[in-house]
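Note sheet for the following structure.
The values are calculated or read from the model by the stated rules, or taken from the named source; none is laboratory data. The structure presented is a predicted model; accordingly, all values stated were derived computationally and were not measured. Positions of Cβ are backbone-derived with ideal geometry, glycine not excepted, and every protein chain shown enters the neighbour counts.
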Amino acid sequence: MSVQNETQAAAAANGLTSQEAEARLKQFGPNDPAPSKHHSAVLDFLRLFLNPLVLILLIAALVSRAMRVSIFWGIRPAAISA
């Protein structure tokens, strides 16, 4: 077993010494997550529409509405039903 593995095994069993903790703090910095970026609720809501599937469904809904065709009810424009 190497010296580093022995040190890690001892640290896992007994915890870090103050000197070891201080050295790691200087080497790696504090154990804090990255600061979260705060966005407004409106931006978060609009960001949902960047999904390609959502964009395809919105375009399909707009085309369907523009043609005045309701797929669910089977209503067709007068020009098509003749």
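Only residues that are assigned to a helix (DSSP H, G or I) and either small (Gly, Ala, Ser) or surrounded by 10 or more Cβ atoms within 10 Å (Cβ to Cβ) (or both): list them for region 10-23, please. Walk me through it before giving the result.
Going through region 10-23, the residues assigned to a helix (DSSP H, G or I) turn out to be 10-14, 18-23.
Across region 10-23, the qualifying residues are ALA10, ALA11, ALA12, ALA13, SER18, GLU20, ALA21, GLU22, ALA23.
In region 29-67, what count of residues is obtained for those that are part of a loop (DSSP other than H, G, I, E, B) and surrounded by 10 or more Cβ atoms within 10 Å (Cβ to Cβ)?
Summing the residues that are part of a loop (DSSP other than H, G, I, E, B) and surrounded by 10 or more Cβ atoms within 10 Å (Cβ to Cβ) in region 29-67 gives 3.
Read through the list (1) modelled with pLDDT under 85; (2) surrounded by fewer than 10 Cβ atoms within 10 Å (Cβ to Cβ), then give the number of the only condition that LYS26 fails.
The single condition LYS26 does not satisfy is (1).
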